[in-house]
Each structure stands twice: as structure tokens, then as C-alpha cells.
Amino acid sequence: MSTMIGRKKENADGYMTAGNNIGFGISAASMTATWVWASSMYASATAGYTYGISGPIHYGLWGALMILFIYPFGKRIRKVAPKAHTLAEVMHARHGRSSQLMLAGSNIVGSVISLTSNFIAGGALVALLSPYSFTQGVIVVAAGVLLYTLWSGFRASVLTDFAQVVAMLGAVVVIIPMVFFLAGGPAMFAEGASNLTPQQGNFFSSDAFLLQGAPYICAVLAYAIGNQTIAQRLFAVREDLIKKTFVTATIGYGATVIGIGMLGVMALYLGMEPAGGNVNNLIPQMASTFLGPVLLCVFFVMILGALSSTADSDLAALSSIMMADVYGKNLAKKASPKTMLMVGRITMILATAAALVFASGQMDILDLLVFVGALWGALVFPVIASFYWGKVTNKAFTTSVLVALAVFIPVRFNWFPMTGATGIIFDIISVVGIGVVLGLMSFGFFGLKPARIIGGVGVLVASPFVIGFLHDYQVLTGSLVAYAVSTVVCWAMSVRNKESFDFALIKKRTGDYDDREDELSDNDGRDDRDDLDNASVHAGQ
């Protein structure tokens with residue numbers, strides 16, 4: 001596929017957003033494949049093993065709904081910046097350099113962590129299912145993803161996503177039922193019930209919600225708004241297909257991830273101990289225990305497709321950030337598309353090398369995901385408000401994010417005891433965060449007035465139930481504090497601003513780096529809008 005879609009002369013815009021005109025079939029498949037990554041599969045299984053049957057439900061359902069919740073914001077973003085390449089680039093047009101680099105920097109951290117977790121998943125898979133070691137597996141997976149993505153960038157990522165999502169979904173339909181019946185079928189749940197704690201056996205487990213569901217709601221909303229891999233597909237899909245694409249990805253993600261998470265639930269009922277004490281090994285361990293050689297190969301393809309589809313997206317996201325935000329807007333007086341391509345390819349090589357180093361630590365995937373999501377939580381309100389409210393200033397954006405991070409980090413890592421009055425204060429701040437999350441989720445669909453009402457009601461309803469104990473759940477508290485502090489500070493610094501930004505300026509300040517009139521043709525004389533446009537049209541039809 002890489003050979004088929006590659007061109008001798010790539011252009012910078014195609015490398016970053018593939019011409020802003022991808023059709024429905026490819027865009028929906030790419031969004032699904034990017035969101036359904038190996039780490040989400042492994043983390044869903046970990047949730048199932050840790051919290052029982054409600055774990056994968058919380059993980060998959062909320063993750064799916066977050067895809068749905070962001071499409072109204074996506075439509076607004078594309079309306080004001082139809083030809084942008086990154087969200088940070090739009091922040092540069094809206095605010096200036098500091099806001100842009102803050103968003104770009106957070107995406108660099110997030111994408112490197114995401115890339116690392118996918119390599120960890122690949123290394124664990126190879127180590128369990130082959131004679132090779134974890135380190136050798138990580139290197140092989142990383143090299144494979146880099147090789148097919150390096151030359152054509154986002155175009156390679158989005159077209160290979162189509163094949164990867166077909167492989168993933170097909171494998172899930174076969175693998176999960178087979179493991180279920182080979183592991184004992186319905187009798188497994190009756191015989192293994194004694195292996196569960198009361199909370200693990202309760203479908204409405206409070207532990208599952210407070211330790212898994214609620215933090216993930218916060219984390220995934222932040223992922224959806226702040227993640228460049230999602231933004232890149234938002235800028236690439238044809239504008240009139242945004243809603244259709246996101247709705248389809250919602251269904252595909254939810255079904256796949258909840259299904260895979262059931263492997264963790266089955267492992268819990270079977271009383272299985274993770275190999276080497278590492279929960280990242282649960283999925284390949286279940287597969288190698290119950291599947292024969294043929295189905296084991298199908299399983300390998302499923303995980304390989306999942307981790308590749310997101311790893312290549314991370315590489316494409318990192319390259320576009322370095323091309324557009326670092327080189328295009330900050331280093332070059334007049335950006336050269338040829339130099340941009342070189343920057344993008346060098347970025348992919350360096351990012352892969354960095355992720356290989358970090359992957360050697362074999363960190364817990366679920367912790368990584370929640371941490372990055374909470375980190376992005378500090379950006380959610382300032383970013384969304386910047387697309388709708390003309391009063392938000394660069395100073396308000398930057399200050400609110402920095403203050404939120406300054407509060408979030410010590411709370412998240414328990415730098416001081418959450419006892420007495422301190423705990424109550426952070427409970428109150430967290431309740432404000434609950435209102436912010438509910439308000440933002442409502443705002444895209446229903447507008448400002450209903451969002452205010454829903455957010456306010458959420459604060460009033462939650463207060464008597466959570467004040468006094470919520471601080472005991474530091475992951476959830478940290479996420480909610482990040483939302484609350486950034487929102488309050490950004491609003492307080494912006495509300496008295498007498499000037500209002502003209503959003504029409506964003507469209508003028510963002511656009512293609514390649515000169516469209518000078519686009520060259522391929523050697524066979526075809527128009528250089530390339531095979532992707534043609535494939536997109538057919539997929540859309």
C-alpha cells in the first residue's frame with residue numbers, strides 16, 4: 001500500500017492533511033482505527049480484570065460517546081479554519097505564539113506517550129507469542145510503522161487505516177466468541193464468581209465508576225479536544241462529512257473496545273494471574289492460552305492493526321506539529337514546503353527513537369492514558385472558548401493553562417495530604433469541574449444557555465454526594481481540578497475585555513503552504529491531487 005500511494009514528489013500540505021477532502025469511507029475508517037488503538041484494547045482488558053464487567057463498559061462507552069460529543073466542536077473549528085493543519089496553528093492565528101506553543105507542546109508530550117504505549121503493547125505481544133524478547137518486539141514494530149509512514153506521512157496513515165480497521169473488526173468478530181466458548185462459555189461465570197470481590201461482581205460498582213469511568217470521561221473529553229491525531233482527521237475529512245464520520249466512529253469504537261475488554265473480564269473469572277505480574281500481558285496471554293495457531297495469527301493481525309493505526313497517526317501528528325507550528329510559524333520567515341517535508345520526516349525518525357527509549361521502561365498503559373488526558377484537561381475550556389468567545393485573550397489562555405497545571409500536578413501525584421480543610425477545598429473545586437465537564441459536553445449540541453443550566457444543576461446535585469470524600473480519588477480529583485481552575489481563571493481574565501476578536505481573521509491567517517497553482521503532475525500526467533482524492537471519492541460514493 002505504501003508503494004501504491006507514495007509519489008516521487010510529495011507536497012507539504014498532502015503530508016499533513018491530504019488536501020482537506022477525504023471521503024466518508026476512508027475518513028470514518030481512519031477515525032475508528034486511530035481511536036481503537038492497541039493501548040485502548042489493553043487498557044479495556046485491564047479495566048475488566050480490575051473492576052469486573054462494568055470496567056470495559058465504562059472504558060468503551062464513555063470513550064465512544066466522547067467521539068460523538070466532539071463533532072459539533074469539529075464543525076465550528078473547520079468553519080473558522082477550513083485549511084488549517086493543526087489546532088496549535090489555529091491558536092497561533094487566534095492568540096499568538098505562547099498559546100500555540102503550549103498546545104503544540106502538550107501534543108508532543110501526548111503523542112510521544114501514545115507512541116510509547118503502542119510500542120509497549122507490540123513488544124508484549126511479540127514476547128508472548130514468539131521466541132523474540134520484549135525489546136526485540138518493540139524494535140520490529142517501531143521499525144515497521146516508521147518505514148511505511150515516513151515517506152508519505154498522513155496520506156500513508158489514513159489509507160492504511162482502512163485496511164487496518166477491516167482487519168481489526170473482522171478479527172474481533174471471530175476472536176472474542178471463540179475465546180469465550182473455549183474458556184468454558186456461560187459456565188465460566190458461574191464457576192468463577194468466587195474469584196471476584198463484591199465490587200467486581202457489581203455491575204453498578206462505585207469503584208468502577210469513581211476509579212475508571214469518571215476519570216475516563218474527563219480524560220477522553222480532553223483527548224478529543226486537545227489531541228492532534230483527532231484534529232488532523234478533522235481537518236482532512238470533507239467538511240460536509242464531519243457528522244457522519246464521527247457518528248460511525250462512535251459505533252465502531254464502542255463495539256470493538258467493549259468486546260476486547262471482555263477478555264480481561266474472562267481472565268478475572270478464570271482466576272488467571274497476568275504473566276510476569278504485568279496486566280499489559282492479559283490480552284496476548286488469553287489468546288495464547290485458548291486459541292490455536294490459525295486463530296492466534298488472526299489475533300496477532302488484530303493487535304498489530306490496532307497499534308499500527310495509532311502509532312502511524314502519532315508519527316503523522318508529531319510531524320505536522322513540527323512542520324507547521326515549530327518550523328512554519330516560528331523558525332521560518334517564509335516556510336519552504338520542501339524544507340517542511342524534511343522536517344516532518346526527521347521528526348518521525350527522532351520520535352520513534354524517543355518512544356523506543358521510553359518503551360523500555362514498560363510503564364502501565366492505563367496510568368499513562370489517564371495522566372495525559374488530565375494534562376490536556378487544563379486546555380479544554382480555553383481551546384473551546386477561543387473558537388466561540390471573542391473576548392478570550394492570549395494572556396487569559398496562557399495563564400489559565402499554567403495555573404491549572406500548577407494545581408493539577410501536585411494533586412495528581414499526592415504531593416501534600418488531602419486531609420481536613422484541604423480535602424474539602426479540593427472537593428469543592430472538583431464539583432466545579434463536574435459542572436464544567438457537563439456544561440462543555442452539552443454546549444456543542446444545545447448551545448450556551450442549556451449548557452449553563454446543565455452545568456449548574458450538575459454542581460448542585462453532585463455537591464451533597466461528593467464533598468467530603470471525592471479527594472480520596474486522586475486521579476479523578478486531579479482531572480476535575482484541571483478543568484475547574486483553567487475555566488475559572490480563563491473566564492475571570494476574559495470577561496472584562498472590551499475588545500472582541502474577528503474570527504474571519506483565522507481563515508486569512510491559516511492555509512496551504514504549497515502554492516496550488518504550481519502543483520506538479522506525476523510522470524504519467526495525472527493531476528497531482530493524487531490517488532487519495534480518487535480513493536476518497538469512491539469511498540464517499
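The values are calculated or read from the model by the stated rules, or taken from the named source; none is laboratory data. From a predicted model like this one, the values you see are computed outputs, not experimental measurements. Positions of Cβ are generated from backbone atoms using ideal geometry, with glycine treated the same way; all protein chains shown enter the neighbour counts. Heads up: the accessible areas ignore ligands, DNA and RNA and are worked out on the full protein's heavy atoms, side chains in. Shrake-Rupley method; radii C 1.70, N 1.55, O 1.52, S 1.80 Å.
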- Message: Can you list residues from other chains, or at least 5 along the same chain, whose modelled amide H is less than 5 Å from the amide H of Ile22?
- Response: Val237, Arg238
- Task: Report, by chain and number, residues whose modeled amide H sits under 5 Å from the one on Tyr513, excluding near sequence neighbours (fewer than 5 apart, same chain).
- Result: Asp13
- Could you run the Karplus curve 6.51 cos²θ - 1.76 cosθ + 1.60 with θ = phi - 60° over the range 429-445 and give me ³J(HN,Hα) per residue in whole Hz, x for Gly and Pro? 4, 5, 5, 4, x, 4, x, 5, 4, 5, x, 5, 5, 7, 4, x, 8
- Just add up the charged neighbours of Gly447: K/R +1, D/E -1, any other residue whose Cβ is under 14 Å from the Cβ of Gly447. +4
- Query: Got a number for the accessible area of Glu239? Probe 1.4 Å, square angstrom, nearest 10.
  - Reply: 80 Å²
- Message: Tell me whether the chain comes out rounded, prolate or oblate; compute the Cα gyration tensor, take square roots of the eigenvalues as a ≥ b ≥ c, and use a/c under 1.5 as the rounded threshold.
- Response: oblate
- Item | Along each principal axis, Cα extent of the range 8-92, largest first, Å | 49, 33, 26
- Note on the structure: Taking a probe of 1.4 Å and leaving out DNA, RNA and ligands, the chain shows per residue an accessible area in Å² of 38 Å²
- Task: For every helix of n ≥ 4 consecutive DSSP H residues, a contribution of -39,500 (n - 2.57) applies; sum these over the chain, divide by its total residues, and give [θ] at 222 nm rounded to the nearest 500 deg cm²/dmol.
- Result: -24500 deg cm²/dmol
- Item | Taking the C-alpha atoms of the range 179-285, convex hull volume expressed per residue in Å³ | 149 Å³
- Note on the structure: Rounded to a whole %, the carbon-and-sulfur portion of the accessible area of the chain at a 1.4 Å probe is 67 percent
- Note on the structure: Largest-first semi-axes in Å of the equivalent ellipsoid built from the Cα gyration tensor of the range 44-108 are 34, 16, 7
- Task: From the P(r) of the range 79-192, can you give the percent of Cα pairs sitting at distances over 24 Å?
- Result: 54 percent
- Message: So if I take the centroid of the Cα atoms in the range 444-502 and the same for the range 184-225, what is the distance between those two points in Å?
- Response: 27 Å
- Query: Ranked from the most accessible area to the least, with a 1.4 Å probe and all protein chains present, what is the order of Phe387, Phe413, Phe181?
  - Reply: Phe181, Phe413, Phe387
- Hey, what do the phi angles of the range 75-88 turn into as Karplus ³J(HN,Hα) couplings, whole Hz, using 6.51/-1.76/1.60 and θ = phi - 60°, x for Gly and Pro? 5, 5, 4, 5, 5, 8, 9, x, 10, 6, 10, 9, 5, 5
- Longest to shortest principal axis, alpha-carbon extents of the range 374-415, angstrom: 37, 16, 8
- Query: Once the Cα gyration tensor of the range 231-366 is found, what semi-axes does its equivalent ellipsoid get, as square roots of 5 times the eigenvalues, in whole Å, sorted largest first?
  - Reply: 37, 21, 12
- Note on the structure: Phi angles of the range 337-346, converted by Karplus (6.51 cos²θ - 1.76 cosθ + 1.60, θ = phi - 60°) into ³J(HN,Hα) in whole Hz with x for Gly and Pro, give x, 5, 5, 4, 4, 4, 4, x, 6, 5
- Item | Span from the the range 25-89 Cα centroid across to the the range 406-442 one, whole angstrom | 25 Å
- Query: For the range 270-312, what class follows from the C-alpha gyration tensor (a ≥ b ≥ c being the square roots of its eigenvalues): rounded when a/c is under 1.5, otherwise prolate if a/b is larger than b/c, else oblate?
  - Reply: oblate
- Please give the peptides 160-171, 128-139 ranked by average Cβ packing (other Cβ atoms within 10 Å per residue), highest first, as a rough proxy for protection. 160-171, 128-139
- Note on the structure: By the C-alpha gyration tensor axes a ≥ b ≥ c (rounded if a/c is under 1.5, else prolate when a/b exceeds b/c, else oblate), the shape of the range 424-514 is prolate
